[in-house]
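Worksheet: one structure, shown below.
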Amino acid sequence: MRAGMGRRAWTRSDTLVIAAALALAALLWVGFLVLRPKEPAAVVVVNVMGTDAERIPLTGGESVRRTVRGFIGNSTFEISGGRVRMLSSDCPDKVCIRMGWAAQPGQVIVCLPNRVVLKVESK
């Protein structure tokens with residue numbers, strides 16, 4: 001090797017440039033986490049005899065029970081822990097009760113004889 005062609009020493013300005021680049025990257029990352037769009041919260045759309053009767057958010061810590069009057073009688077549903085289920089209905093076969101919990105957008109619970117539909121949707 002010729003004189004003057006060796007490795008360059010690490011200088012204070014090199015350290016400052018790298019520190020500034022890392023700080024900028026950290027700032028952009030934090031900004032991304034804070035400003036990114038939040039996932040929309042889900043709601044339950046309660047449809048009775050073809051008409052949307054109510055929209056209830058699935059969020060919240062308290063359990064909510066509601067009763068709606070359908071075509072042949074009452075249907076009672078519960079919202080708890082970010083999900084919904086049919087508790088009781090005056091329908092003869094009780095298929096809607098056996099459907100269990102629904103929590104994901106697009107899932108539905110249908111009481112066909114009573115014409116009550118519980119549909120989970122994104123806000």
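Descriptive notes on the structure:
- Residue match in the range 53-63 (condition: in a strand (DSSP E or B) and of a type in the set (Ser, Thr, Tyr)): no
- Selection status of PRO105, open to solvent by less than 100 Å² (accessible area, probe 1.4 Å) and in a loop (DSSP other than H, G, I, E, B): yes
- Selected residue (criterion: farthest from THR51 (Cα to Cα)) from residues of the range 84-102 that are within 20 Å of the chain's Cα centre (by Cα) and open to solvent by 30 Å² or more (accessible area, probe 1.4 Å): TRP101
- Those residues of the range 69-83 which are in a strand (DSSP E or B), open to solvent by 40 Å² or more (accessible area, probe 1.4 Å) and farther than 19 Å from GLU121 by Cα, in sequence order: ARG69, ASN74
- Listed by first and then second residue, the pairs linking a residue in the range 104-123 that is on the phi > 0 side of the Ramachandran plot to a residue that is among the hydrophobic types (A, V, I, L, M, F, W, C) and open to solvent by 40 Å² or more (accessible area, probe 1.4 Å), with Cβ atoms under 8 Å apart and 6 or more places separating them unless they lie on different chains, are ARG115/MET49; ARG115/PHE71.
- Residue within the range 14-30 that is of a type in the set (A, V, I, L, M, F, W, C) and either outside any helix (DSSP H, G or I) or at pLDDT 95 or above (or both) present: no
- Counted residues, the range 58-68 - those being open to solvent by 60 Å² or more (accessible area, probe 1.4 Å) and not charged (D, E, K, R): 4
- Among residues of the range 47-68 being β-branched (Val, Ile, Thr) and more than 17 Å from GLU121 (Cα to Cα), the one that is nearest to the chain's Cα centre (by Cα) is VAL64.
The values are calculated or read from the model by the stated rules, or taken from the named source; none is laboratory data. Here the structure is a predicted model, which means the values were calculated and not measured. When we count neighbours, we look across all protein chains shown, and the Cβ atoms used for this are built from the backbone with ideal geometry, even at glycine. SASA here: full protein model, heavy atoms, side chains in, ligands and nucleic acids out. Shrake-Rupley method; radii C 1.70, N 1.55, O 1.52, S 1.80 Å.
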